[in-house]
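Participant: This is the structure, below, for whatever I ask next.
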Amino acid sequence: MLVTLLIMSNNKSENIIIEAKNLTRIYGGKDEACKALDGVSFTIKKGESVAIIGKSGSGKSTLMHILACLDKPTSGELLINGIDVSKMSEKQQEILRGESFGFVFQQFFLNPNDTVLENVVLPLKIIGKDSKKIREEKSIAILNEVDILNKKNNKSKNLSGGQKQRVCIARALISNPQIIFADEPTGNLDSVNGETIEKILFGLNKKGITLILVTHDQDLAKKCQRQISIKDGKIVKKL
Amino acid sequence: MKIKDIISTSNNNLFRNKTRTILTTLAVVIGSVTLLVAESVGNGFEQYVSNNLETGSARVFRLTKKGADTYKYGEITKFKDSDKEDGTQVFRSSDVGYLKNTYSSVIKDVFYPQYINLASISRNGYEKFTGYAGVIYPDTSAKLISGKVPEFNQILISQEYVEPLGFINADDAVGKVVTINVWDNKQQESKEFSLVISGVAHKSESTYPLQISYETATYINQIVSPQSVNPQSSNYLQIYTNELSKTELAEFKEKLSNAGIEASSYEDQNKEMFQIVDILRAIMLGVAAISLAVATFGIVNTVLMGILERTKEIGLIKALGGSKKLIFQLFTFEALCIGFWGYTISVFLAIILGFIINPISHMTFLKDIKEFTLYVLTPFSVIKIFFVVMAVSFCASFFPSRKASKLDPIEALRSE
């Protein structure tokens, strides 16, 4: 509901979904301060696929966490759908994460003893949406889309890496998000499985979901429409 | 998350580490059962004491003079010569007049204690029995099975007399005539009186098995030992007051106290008995509290371990839009589920214990006190202790759950 309001309130720059202005993130106290991000600014349009590239320790993960409202910038502004995140209440940020964002992690973070179906319905359960029956219907449709429906009653710990990542994508899709944040989605997969996951993710992007991909893999990054390269917390190249 | 989902998720989470959950639940069961047993035994004592004692009237008082020798079993009391010389420690007939005149607005009646020296009780065609007979003062209730308290020329009998006197049951006895023989004060001759049974009372340890009204007792004593009806002196008097409010009663007691007279109600006289029950209850509850405290640490430990094991999951839930409140609720409900299941098992065990403890106690140490039910589990106790156990579970999980709710999602996801 909030999200619809956010979309409606945004008349000027209709196509801009994320706008970062001079984002800085400093870890630690005054003495041992560590600048993980240093004045990062960019915009992302609705429906784009953007890769954030950089080596480990470059600040790319910090940037993604801030964009996904999992972390707060020390200074700078972040606008999502034209609204300043720092002015949102904690509750509004939770709704934003729960209803507008989808997350795909390198380590999957599936609950190992739960079934595939249980893992996929989790986001809907958390935000308290739909009845049990509707939740399951939705998950079945999505599991079918990512081609893992035959494993729906298996415990997730018994799946292979590629299968796990598909479940993870299904979980990210269940709440019908505007943006998918994918943190090294192919990092733990072999090349065959990696390609399948890539195909799924870019397929989703074609359907209109904004894809923000964090990776150190240049080949994967090149498949995105735009690349933002980060080094020592600063943008070194924007395409 | 919907409340239904929270509860089912929390409950399912408990089964992830079955051994730990079972052990913690066991601790809760031990604590709750101890609490239920303590409460039930306390109920048993209270019921027994009140069944036996709650027959006194709040409007009848026993008056004694301050400093009068009151002999107690197991104590040696020094003889005071003053008792004899000026008689200030005993009541004389002048005291009765004084009381009636001075407190005419409060005191309805003053009684010299009347004793009935019963020789026998019998019924035409049946055997004679002996027993103790006492006086029932006005406004005094009795634990009646049938009928009512005795008026003039009537008698209240205890249930154990029903069968020996040839009655089918308590209802059958009411309204029938019995004969009592009463000794004179030298216990040489006895005289016969016919009385109508007014009612049948439950057997009680603390009241006389046969009771007659004050008027009947006075009438009988006038015939068998006239000098005892209005004695020269008496160690105590009984008074029957008008209905008094608490403040009126306190005022009255204080006035009497200033005049050197102590007034004690039935309840005052049996205070010690009630105090003993209260003390007993406190001790048993103390023991139960300790075992529940142990269970509390078990719950704290279980919740802490759960948080430690599922830190990543907490991070995930938060990343997926779960609030602090949700995390707090998930772990709190987990503790509440342990409390709930533990308590449910405990109630079953407590009910079963009732079927074991009571028969065994009546076969052994309560052999001679059949009307004493040692273990009385009431629904009220079950509900009361349910709230106690749930409150304890909540408190046990409060700080661990709050700690979990404050975890940073990214750090939680990165934890190993």
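Participant: What ranking of B:171, A:219, A:31 emerges when the number of other C-beta atoms within 10 Å of each C-beta is taken as an exposure proxy, fewest first?
Facilitator: Listing B:171, A:219, A:31 from fewest to most nearby Cβ atoms yields A:31, A:219, B:171.
Participant: Turning to a different aspect of this structure: Just want the ordering: B:57, B:194, B:10, A:156, from fewest to most Cβ atoms lying within 10 Å of their own Cβ.
Facilitator: Details: B:57 17, B:194 10, B:10 20, A:156 23.
Least to most surrounded, the residues fall as B:194, B:57, B:10, A:156.
Participant: Another question, then. Using a basic spin-label model with each label point 7 Å from the Cα along Cα→Cβ, how many nm lie between residue A:219 and residue B:219?
Facilitator: 11.9 nm
Participant: Using the 10 angstrom Cβ neighbour count as an exposure proxy, how do B:99, B:244, A:201 rank, fewest first? Write down the numbers at each step before the final one.
Facilitator: Values: B:99 20, B:244 15, A:201 24.
The most exposed by this proxy come first: B:244, B:99, A:201.
Participant: Measure off 7 Å from each Cα along the Cα-to-Cβ vector at residue B:171 and residue B:352, then give the distance between these two points in nanometres to one decimal.
Facilitator: It is 4.0 nm.
Participant: Something else now. For chain B, what does the equivalent ellipsoid look like in terms of its semi-axes, each the square root of 5 times an eigenvalue of the Cα gyration tensor, given largest first in whole Å?
Facilitator: Numbers: eigenvalues 813, 143, 60 Å².
Taking √(5λ) for each Cα gyration eigenvalue gives 64, 27, 17 Å.
Participant: Here is a further query. Could you tell me what percent of the DSSP beta bridges with both partners in chain A are antiparallel, to the nearest 5?
Facilitator: Details: 20 of 38 bridges.
Roughly 55 percent of the beta bridges in chain A run antiparallel, per DSSP.
Participant: When the Cα centres of segment B:323-382 and segment B:248-272 are compared, how far apart do they sit, in Å?
Facilitator: A separation of 41 Å, based on Cα centres.
Participant: A further question on this structure: Segment B:311-416: which trypsin sites (Lys or Arg not before Pro) are DSSP loop and have at most 14 other beta-carbon atoms within 10 angstrom?
Facilitator: Details: sites: B:312, B:318, B:324, B:325, B:367, B:370, B:384, B:402, B:403, B:406, B:414; in loops: B:367, B:370, B:406.
In loop regions of segment B:311-416 (DSSP not H, G, I, E or B), the sparsely surrounded trypsin sites (Lys or Arg not before Pro) are B:367, B:370, B:406.
Participant: Also, quick follow-up: Which of B:142, B:404, B:259 moves most in a GNM of chain B, Cα contacts under 10 Å?
Facilitator: B:259
Participant: From the P(r) of segment B:324-371, could you give the percentage of C-alpha pairs in the tail past 13 Å? Walk me through the numbers on the way to the answer.
Facilitator: On the way: 767 of 1128 pairs.
Cα-Cα pairs of segment B:324-371 separated by over 13 Å account for 68 percent.
Participant: For segment A:109-239, count all C-alpha to C-alpha pairs, find those more than 17 Å apart, and express that count as a whole percent of the total. It would help to have the intermediate numbers written out before the result.
Facilitator: Working: 5104 of 8515 pairs.
Here the long-distance tail beyond 17 Å is 60 percent of all Cα pairs in segment A:109-239.
Participant: Next question. With chain A treated as a Gaussian network of Cα nodes joined by springs under 10 Å, which of A:52, A:126, A:16 yields the largest mean-square fluctuation?
Facilitator: Result for chain A, Cα springs under 10 Å: A:126 fluctuates most.
Participant: With 10 Å bins from zero, work out the P(r) of segment A:16-167 over every alpha carbon pair and list the percent per bin.
Facilitator: Answer for segment A:16-167: a P(r) of 9, 31, 30, 22, 6, 0 percent.
Participant: Okay, helix-only estimate at 222 nm for chain B: each DSSP H run of n ≥ 4 adds -39500 (n - 2.57), divide by all residues, round to 500 deg cm²/dmol; what do you get? All intermediate terms of the calculation are to be shown ahead of the outcome.
Facilitator: Details: 13 runs with 215 residues, N = 416.
Using -39500 (n - 2.57) per qualifying helix, the result is -17000 deg cm²/dmol.
Participant: Here is a follow-up. How far is helix B:271-309 tilted off the main Cα axis of chain B, in degrees rounded to 10, range 0 to 90?
Facilitator: Between the helix axis and the principal axis of chain B, the angle is about 0 degrees.
Participant: Of the listed pairs A:45/B:403; A:87/A:199; A:87/A:234; A:21/B:312; A:30/B:406, which have alpha-carbon separations greater than 28 Å here? Write down the numbers at each step before the final one.
Facilitator: Values: A:45/B:403 39 Å; A:87/A:199 37 Å; A:87/A:234 25 Å; A:21/B:312 31 Å; A:30/B:406 24 Å.
Too far apart for the 28 Å limit: A:45/B:403; A:87/A:199; A:21/B:312.
Participant: Would you mind getting me the FRET efficiency between residue B:50 and residue A:133? Use the beta-carbon distance for r and R0 = 51 Å, nearest 0.05. Spell out each step's value before the answer.
Facilitator: Details: r = 56 Å, r/R0 = 1.10.
My answer for the efficiency is 0.35.
Participant: Evaluate E = 1/(1 + (r/R0)^6) for residue A:46 and residue B:398, where r is the Cβ-Cβ distance and R0 equals 51 Å; express this FRET efficiency to the nearest 0.05. Working shown, then result.
Facilitator: Values: r = 44 Å, r/R0 = 0.87.
Once rounded, the FRET efficiency stands at 0.70.
Participant: If we count chymotrypsin sites (Phe, Trp or Tyr not before Pro) as exposed when they sit in a DSSP loop and have at most 16 other beta carbons within 10 Å, what is the longest stretch of chain B that avoids them all? Could you put the intermediate results ahead of the total?
Facilitator: Numbers: sites that count: B:71, B:73, B:79, B:115, B:126, B:132, B:152, B:365.
Longest run free of exposed loop sites: B:153-364.
Participant: Could I ask something else about it? Relative contact order (percent) for chain B, with alpha-carbon contacts under 8 angstrom and 6 or more residues of separation? List each step's numbers first, then the result.
Facilitator: Numbers: 666 pairs, mean separation 117.8, N = 416.
Here the relative contact order equals 28 percent.
Participant: Sticking with this one: Provide the percentage of antiparallel DSSP beta bridges, counting only those with both residues in the protein assembly as shown; round to the nearest 5. Spell out each step's value before the answer.
Facilitator: Numbers: 55 of 82 bridges.
In the protein assembly as shown, DSSP labels about 65 percent of beta bridges as antiparallel.
Participant: To continue, here is another question. If you keep only loop residues by DSSP, which trypsin sites (Lys or Arg not before Pro) in segment A:36-134 have at most 15 other Cβ atoms within 10 Å of their Cβ?
Facilitator: Numbers: sites: A:45, A:46, A:55, A:60, A:87, A:91, A:97, A:125, A:129, A:132, A:133; in loops: A:46, A:55, A:129.
Sites meeting the loop and neighbour criteria: A:55.
Participant: Would you calculate the separation in nanometres between label points at residue B:126 and residue B:251, each defined as 7 Å from the Cα along the Cα-to-beta-carbon direction?
Facilitator: Computed distance between label sites residue B:126 and residue B:251 equals 5.1 nm.
Participant: Regarding the protein assembly as shown, what are the three Cα extents along the principal axes, ordered largest first, in Å?
Facilitator: Result for the protein assembly as shown: principal-axis Cα extents of 127, 54, 46 Å.
Participant: Further question on the same structure: Once the Cα atoms of segment B:60-261 are picked out, what are the Rg and Dmax in Å?
Facilitator: Looking at segment B:60-261, its Cα Rg and Dmax stand at 19.1, 56 Å.
Bear in mind these aren't lab numbers, they're just calculated from the coordinates by the rules spelled out. Note that the structure is a prediction, hence the values are computed from the model and not measured. In this analysis, Cβ positions are derived from the backbone assuming ideal geometry, glycine residues included, and neighbour counts consider all displayed protein chains.
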